[in-house]
Structures are given as C-alpha cells and as structure tokens.
There are 2 protein chains.
Amino acid sequence: MEKVGIHTVSIHPFEVDFKNRITLPLIVNHLLNTAGRHANERGFGIQQLNEHNHTWVLSRLAIELNGRPECGETLRIHTWIEGLMRSFTQRNFRFETGEGEVIGYARSIWAMIDTETRHPVSLIGQGIEEYIHQMDCPIEKPGKITLPEQTTQSSFDVTYSDLDINKHLNSAKYVEHITDTLPIEVMERNSPFRFEIEYIEECHYGERIQTFWTQSTSDEYLVALSKGDGKMACKCKITFK
Amino acid sequence: MEKVGIHTVSIHPFEVDFKNRITLPLIVNHLLNTAGRHANERGFGIQQLNEHNHTWVLSRLAIELNGRPECGETLRIHTWIEGLMRSFTQRNFRFETGEGEVIGYARSIWAMIDTETRHPVSLIGQGIEEYIHQMDCPIEKPGKITLPEQTTQSSFDVTYSDLDINKHLNSAKYVEHITDTLPIEVMERNSPFRFEIEYIEECHYGERIQTFWTQSTSDEYLVALSKGDGKMACKCKITFK
C-alpha cells in the first residue's frame, strides 16, 4: 500500500457559498474524509479502531490555501503521516487543482483515545510506523492560539446534524459554527489565508455553546467556543495575506 | 446526450449521523447536486440560467427510501425530467445501491424565475422538452401538507453557511434545520420513510426563522418554518412505515 493517499473531489453547487467558492467547513470536511480513507485503507481507520474501543481525536489543524476553489473545480488532496510519538501523530496534506497545480498545504495533530475511559492510548506498535513518509509541507506547524478578548459573543445549541459517530460536535461543524460567528464580510474574503484551530473539549448533544470573536489585526481574526461550565471547547485563528 | 443522468456518490464519515447513517439533509444535497449536474450538462443549469438573469427554484420534493445507507456505502442516483408545463417542470429520481438494488425514489417540482423581478419565467422553448422521459417512479406526487399545530417551537438565524449562491437559505439547509427541530429519537429511526417538503418563501441572511413541529400520528411528524412576518417559509411531513 502506498504511503501517500490521494482523494479527488469535485466541488458541487451545495458546497459553495454565495460567492460561488467552497466554504471553509467543507474544505475541512474533505480533508478529514481524505484522512479517514487513508487510515481505513491501511488498517487504522475509525471503524477498525472502534472494534477495540479506540478512536481518533483531532487535536490541532492548520490549513494554508491560496484561496477557495469555485463550484465545478476539482480538488486533489494528498495525505501522509509525517511522524509518530507515543501519544500524537502528525498527518500532513497537500491541496492541488485538477490540473496538478499546488494551491496549499495542511498540518494536523491527532491522538488516539479509549472510548470508555477517554484516556490517550499509545500509538506505538499499531502498524502506523510503516507509513511514516517525508514529503515537503512548507507551512508552519499549528502553534499556540491567543484567546480572543471576549467582546462579541453569541451562542448555539449542539443539535442532531452537528453530531459525529461518537455523538459529539463533529470536527468540521466546529468550523461551520466558527464561520457563522464571524461577520459575513470576513468569510467573503478570498485572498490567500491561514486557518488554524485547537480542539480542546468535546461538545455534547443539547449543550449550549458560547462563541466569542475579535479582530486582532486588520488581517487576523480570533474565535473561541466555550462550554456552559466556562471551559474552552476550541480556539481558532484566521489570517489573510 | 442521454435523457437520464446518473450521479454516483460514496458516503463519507462526515456525512453520517451518530448511528452511522447518512443524514436526510445530505441525501437532499446529493439529490440536488444530481439535478444540478443533469441540467448543467444539458444546457439549462443554474450557471447557464444566471447569464440571462434566470434561476431554478425548487418548489416541492418528496423522497421515499427503504432506509438511509451507511458510511462507506455507495449511492447511485438517477434523474430524469418527467414533464414540463408552462411554469413548472417535474424531475424524478431513483436511488440505487452500488450493486444496482433500487432503494427508493423521489419526485420534485421546479419553477424558473427572473432573478430581478422574482417572477416566474415560461419554461417552454428553452430546450428542456427534448429531455422529457418516461420511466417508472412508483411513489405519490408531493401533495398538500397540513400545517402543524404550533405547540413546540424554537428558532434559528440564517447564517453564512446556510446561504446558497443567491444568498438565500439553501434548499438542503431547510432540511437540516427541520431535522434539528425534531427530537433526536425521530431522526434516529431507520425504517422506510417518506419525506415531503413544500418550499414557500425564501429566507434571507440574518433573518430569524421560527420552527414548529407536531407528531400527528405515531408514525407521522409535521414541521413548519415561519418568517418574522408570520409567513410560512416551508412545510414538511415525515412518515415512517
């Protein structure tokens, strides 16, 4: 089995925003589906892990793209595992157009947990090592994200369509709620950007989640989601270039 | 060009609910993308219409399925135009598994409008006639939907990720908000079902939409979305068999 997985997707009318460009949550969606297929085909996908009461948890994600492709365009997403530590693995991505032009990269950090104890599980000796691969990924690793000043806020309740197979707010839906929190003028921008998110806490069905955002510079926005008990659920930074 | 269009989709991890089955809004999404591709390939897609300030508006939709397929399964959606009147066209669908087993059908009714006046446009002489095709679609046409008694209600605001290319609540997102309105136990059910929706009014960015639902029999649920001015935005009926 090849170390690099490739997933090709066409961008459909119901995946684009009112400016005809694919939305950020759907880019994340395609990226996560690419990761899922790669892991699954190599024996360590979520369904295979579930048989041993284990699952993958996405911890951090950074995406840099020249812009968001339009409806009708093709996105070829490459993914490979860059490294493996005891509790974390780094998975990278390269985005290409249908013609093979590179339009961006992404870096992600994942942990494996026991679905009953919710504790981390060692990643060593699970057959992941043999797929470690070195390939260029010229973007910064996900770093620390400053908490936004909590000036502008709103809220949402976690509903049925937000849920993943583990009955938690799914990783792409965090991003959908983040894009819905920011002013629409921010999401309309289509210059090259970096999107970075730190997933901190799981959100459950029925939970009310508070959203906060601030504009930290003319080209940088910070967003956070927090839970009823005040714990941060995630922090996010979007920077336009 | 063939009269029948076929669109094959794989069901990805981020398209399923916590029971591992594709959600209803994503079934609608795939159905609408199938319709969009069919129309586009034959010269009367949304982007082609936009050049003449016209667009398609989905008026009614009825879907009957034996159940919702699981993650990893394949859905082959066939679509064809059953008939054409001055102001409306009927487009049908047949759902098959990857192995060609028929698992359901859908019927939809569409109008074409002028994007500036918002008035209907005649469908005659636009090159659609030549694609009219007769094929079995053994489900009832979309009928009149009773308004639910307005007992249980909640609300949502139309946000960025709700919007279609015309900056209105997109047709699949109506369905997502409907599934989020009903108790989660209803959406968990996976017996054969009929889903029927009547789209009445467009919903705009920032609008607050009220949702109402009622259980009309042990196997039937009615849902309605209404706008701030009290006008109904859509009515919907879900029946389990």
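The values are calculated or read from the model by the stated rules, or taken from the named source; none is laboratory data. A quick note: this is a predicted structure, and the numbers were derived from the prediction, not measured. Heads up, the Cβs are rebuilt from the backbone with ideal geometry, glycines too, and the neighbour counts pull from every protein chain shown.
A compact table of results
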{"item": "Selection from segment B:22-79 of residues that are among the polar types (S, T, N, Q), touching a residue at least 60 places away in the same chain (Cβ under 8 Å) and touching a helix residue (DSSP H, G or I) at 6+ places or on another chain (Cβ under 9 Å)", "result": "B:Thr23, B:Asn29, B:Thr55, B:Thr79"}
{"item": "Qualifying positions in segment B:140-161 - in contact (Cβ under 8 Å) with a residue 24 or more places away in the chain and crowded, with 16+ Cβ neighbours inside 10 Å", "result": "B:Pro142, B:Ile145, B:Pro148, B:Phe156, B:Val158, B:Thr159, B:Tyr160"}
{"item": "Long-range neighbours under 7 Å by Cβ, at least six apart or interchain, first residue within 18 Å of A:Asp180 (Cβ to Cβ) within segment A:215-232, second of a type in the set (Ser, Thr, Tyr) and in a loop (DSSP other than H, G, I, E, B)", "result": "A:Leu222/A:Thr146"}
{"item": "Top-ranked residue in segment B:115-170 [being within 14 Å of another protein chain (Cβ to nearest Cβ) and of a type in the set (A, V, I, L, M); ranked as farthest from B:Gln47 (Cα to Cα)]", "result": "B:Val158"}
{"item": "Yes/no for B:Glu201 being surrounded by 22 or more Cβ atoms within 10 Å (Cβ to Cβ) and not assigned by TED's automatic domain parsing to the domain that holds B:Glu70", "result": "no"}
{"item": "Residue ID - surrounded by the most Cβ atoms within 10 Å (Cβ to Cβ), chosen from residues in segment A:166-182 that are out of contact with any Cys (no Cβ under 7 Å at 6 or more places or on another chain) and among the hydrophobic types (A, V, I, L, M, F, W, C)", "result": "A:Val175"}
{"item": "Selection status of B:Thr74, hydroxyl-bearing (Ser, Thr, Tyr), within 25 Å of A:Asn33 (Cβ to Cβ) and within 14 Å of another protein chain (Cβ to nearest Cβ)", "result": "yes"}
{"item": "Restricting segment B:73-111 to residues that are under 28 Å from B:Ser10 (Cβ atoms) and of a type in the set (Ser, Thr, Tyr), the residue that is nearest to the chain's Cα centre (by Cα)", "result": "B:Ser108"}
{"item": "Any hit, segment A:50-66, residues being within 12 Å of another protein chain (Cβ to nearest Cβ), surrounded by fewer than 17 Cβ atoms within 10 Å (Cβ to Cβ) and not β-branched (Val, Ile, Thr)", "result": "yes"}
{"item": "Sole residue being within 26 Å of B:Cys236 (Cα to Cα) and touching a His at 6+ places or on another chain (Cβ under 8 Å), chosen from B:Arg76, B:Arg86, B:Arg68, B:Arg60", "result": "B:Arg76"}
{"item": "Looking only at segment A:2-49, and only at residues there that are of a type in the set (S, T, N, Q) and in contact with a Lys or Arg (Cβ under 8 Å, 6 or more places away or on another chain), the one that is farthest from the other protein chains (Cβ to nearest Cβ)", "result": "A:Thr8"}
{"item": "Single unsatisfied condition, B:Glu116 versus (1) within 20 Å of the chain's Cα centre (by Cα); (2) acidic (Asp, Glu); (3) not in a strand (DSSP E or B)", "result": "(1)"}
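To keep it simple, each residue is scored yes or no on (1) in a loop (DSSP other than H, G, I, E, B); (2) modelled with pLDDT of 95 or more.
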residue: B:Asn166; (1), (2): yes, no
residue: B:Tyr174; (1), (2): no, yes
residue: B:Ile178; (1), (2): no, yes
residue: B:Met187; (1), (2): no, no
residue: B:Ser191; (1), (2): yes, no
residue: B:Glu198; (1), (2): no, yes
residue: B:Phe212; (1), (2): no, no
